[in-house]
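Novice: Right, I'll just put the structure down here and ask away after.
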Amino acid sequence: MALEVHGMFKRFVFALVVAGLALSAVAASHPASAEDGTVVEIHALLLAFDRSSFSVPAGASVTVKLYNDETYIPHDLRVDVPSAEPSKLCIGPCVSTLTFTAPDPGTYAFYCTLHPDMKGNVIVQ
């Protein structure tokens with residue numbers, strides 16, 4: 001019985017790793033810019049974002065779509081730029097949106113306010 005549970009756990013962990021890799025591949029294949037401004041997609045899964053940074057041009061109108069791929073786990077997104085209001089908290093699976101105007105060139109933090117290890121950088125060029 002114990003070996004059977006251990007095998008099931010190993011298969012579950014493997015499936016989670018494969019799902020994470022698939023999400024990374026999907027995120028990498030989505031372009032960051034759109035005709036109306038810059039659109040960035042960030043996925044939250046396994047208490048982590050699928051990217052640690054993204055770049056936008058200074059002065060751009062930026063829309064960040066947070067795809068919370070977790071089940072029953074809340075996430076939001078905050079970007080440390082003056083014009084950015086945090087996204088709404090959503091309990092996954094769900095999508096929440098954040099918009100802001102990219103400030104002067106530099107590096108700015110983004111993070112989930114509920115999970116301090118979920119963080120990354122916005123690189124304004």
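Novice: For Leu47, which of the numbered conditions (1) surrounded by 15 or more Cβ atoms within 10 Å (Cβ to Cβ); (2) in contact (Cβ under 8 Å) with a residue 40 or more places away in the chain; (3) farther than 14 Å from Ile123 by Cα; (4) within 12 Å of the chain's Cα centre (by Cα) fails to hold?
Specialist: All conditions are met except number (1).
Novice: Please identify the pairs in which a residue from segment 86-108 that is over 11 Å from Ala60 (Cα atoms) and modelled with pLDDT under 95 has its Cβ atom under 7 Å from the Cβ atom of a residue that is surrounded by fewer than 17 Cβ atoms within 10 Å (Cβ to Cβ) and of a type in the set (Lys, Arg), counting only partners at least 6 apart or on another chain.
Specialist: Here the result reads Pro86/Arg78, each pair linking segment 86-108 to a residue that is surrounded by fewer than 17 Cβ atoms within 10 Å (Cβ to Cβ) and of a type in the set (Lys, Arg).
Novice: Which of the residues that make up segment 57-91 are among the β-branched types (Val, Ile, Thr), over 9 Å from the mean Cα position of the chain (by Cα) and within 14 Å of Gly120 (Cα to Cα)?
Specialist: Across segment 57-91, the qualifying residues are Val79, Val81.
Novice: Quick one: Ser55 ticks every box in (1) outside any strand (DSSP E or B); (2) among the small types (Gly, Ala, Ser); (3) surrounded by 13 or more Cβ atoms within 10 Å (Cβ to Cβ) bar one, so which box is it?
Specialist: With respect to (1) outside any strand (DSSP E or B); (2) among the small types (Gly, Ala, Ser); (3) surrounded by 13 or more Cβ atoms within 10 Å (Cβ to Cβ), Ser55 is out only on (1).
The values are calculated or read from the model by the stated rules, or taken from the named source; none is laboratory data. Because the structure is predicted, anything quoted here is derived from the model rather than measured. As a convention, Cβ positions derive from the backbone with ideal geometry for all residues, glycine included, and neighbour counts pool all protein chains shown.
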